[in-house]
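What follows is calculated from the coordinates using simple rules that are stated; it is not laboratory data. These numbers come from a predicted model, not from an experiment. Glycine also receives a Cβ, built like all others from the backbone with ideal geometry; neighbour counts cover every protein chain displayed.
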Amino acid sequence: MRQVVLPDGTHVPALGQGTWNMAEHADARPEEIAALRDGVERGLTLIDTAKMYADGRSEQLVGEAIAGLRDRVFIVTKAYPHHAGRDTLPRACEASLRRLSTDTIDLYLLHWRGSVPLAETVDAMEALVTRGLIARWGVSNLDRDDMEELVTAGGANCATNQILYNLSRRALQHDLIPWLTERHMPVMAYSPVEQGRLLGHAALREVAKARGATPAQVALAWLLARDGVIAIPKAGTRAHVAENAAAAELVLSADDLAALDRAFPRAAPRPLDMLNEGPRRCRNANSAAKASKSPRSGSGAWGCPTSTPDVTRRSRWRRSTTRSIAA
C-alpha cells in the first residue's frame, strides 16, 4: 500500500476507509464491522468517521470494529463547527473518545467552518494535543482563503484538509490543491466516486473495461495517482472493501489519464464544493424534533442551528451558533 506522509512525518495509507452512512441500520451492523476489520487486514488502516455520522453511532461502530486492532489503526474523526470553541471542543473530543473506546484520536478535524473564530479553534486543538487526547489535528471543507486565515491564526500545524475531490470536482486544482501541496499538507478526498454518480459515465466505464477493472477502481486509481492525496471511500460490505483495496494495485497509463482528463475537464475556478449532508441532516433532525414537539432549548436537534440553508458551496455554510454538546 502506497503511503502518504503527514507534515509531522507520520506515514498513513493513501487508501483508507470512510464510514459516512454506516451505523444507520442495525441489521447491517455485523457486516459493516466485518468490512472495517477486513479493510484493516488489507492495509486500509486509516478509518474516517465523525460525530455527525449517525449522530455518533458511526464512531461507536468504529470503536467496536477496531477492538483488538487499535495499534494498527489510524483513527480520523471530526467535530461539529459549533463544538469548536475553547470550552466546547474538549467535551466534544472526550465524548468521541468514549464512543470510539480509545484514549487518543490520531487525527481530529474541524468538520466545516462555523462561527467560532479559527484562532480559538486552533488554540483548542493545540490544547488537546498537549493533553494527549489527540495526536494531531486538521480541517475539512476549508477553501484557500480559510486556509490562509488558519495559518495566520497560528494553525501551521494543520495536518490535512479533507475536501470533496474526485474526477467531477476538479476546480480546486486551480488554487487550493497547489496551495496545500506547496505546504506539504496532504489532501484527504471524500466522496471519491461522487456517491456512486460517477460510475455510469461512459469514459470511466471504457477505461475500466480496457483495464479489467471496475469504474469505481478507476476513479480511485485516478486519485491515488496524485501525490499527497488520501482517498477515503466508504465500504459497508466485505465485497466492497475488496473492490476498493484492489484499486491500490491499479496503475493507470498515460493514455488512461489523458482519456479521463478529456472526459472530466477541470472546471473554471469557483468556491470550494462541499456535500450538503451537514445542513441537510440538521434540517431533517430539526423537522423531526419540531414534529415531536421536543426541540432543544436554544438549538435544533443534534445541537444544530435552527436555520440551516441548503447549500453545496462552502462559502454559504459558514455560520453555526449553538454550543451544546450531546455525548
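Exactly one residue out of 160, 88 is closer than 19 Å to residue 15 by Cα, β-branched (Val, Ile, Thr) and touching a residue at least 60 places away in the same chain (Cβ under 8 Å), and it is 160.
Quick one: how many residues across the range 208-239 are part of a helix (DSSP H, G or I) and in contact with a Pro (Cβ under 8 Å, 6 or more places away or on another chain)?
5
If you go through the range 11-34 and keep only what is farther than 17 Å from residue 55 by Cα, within 18 Å of the chain's Cα centre (by Cα) and surrounded by 15 or more Cβ atoms within 10 Å (Cβ to Cβ), you end up with 12, 13, 14, 15, 16, 17.
Can you spot a residue in the range 93-101 that is among the hydrophobic types (A, V, I, L, M, F, W, C) and surrounded by fewer than 22 Cβ atoms within 10 Å (Cβ to Cβ)?
Within the range 93-101, one or more residues are among the hydrophobic types (A, V, I, L, M, F, W, C) and surrounded by fewer than 22 Cβ atoms within 10 Å (Cβ to Cβ).
Checking the range 233-244 against the condition returns a match, with at least one residue being of a type in the set (A, V, I, L, M) and within 18 Å of the chain's Cα centre (by Cα).
Among the residues of the range 106-127, write down those that are among the hydrophobic types (A, V, I, L, M, F, W, C) and within 29 Å of residue 45 (Cβ to Cβ).
107, 109, 110, 112, 122, 124, 125, 127
Does residue 164 meet the test of being among the aliphatic types (A, V, I, L, M) and surrounded by fewer than 24 Cβ atoms within 10 Å (Cβ to Cβ)? Taking the combined requirement at face value, the residue satisfies it. Go through the residues of the range 78-92 one by one and say whether even a single one is within 19 Å of residue 24 (Cβ to Cβ) and out of contact with any Gly (no Cβ under 8 Å at 6 or more places or on another chain). So far as the range 78-92 goes, yes, one or more of its residues are within 19 Å of residue 24 (Cβ to Cβ) and out of contact with any Gly (no Cβ under 8 Å at 6 or more places or on another chain). Counting the residues of the range 46-65 that are buried (at least 21 other Cβ atoms within 10 Å of the Cβ) and within 18 Å of the chain's Cα centre (by Cα) gives 13.
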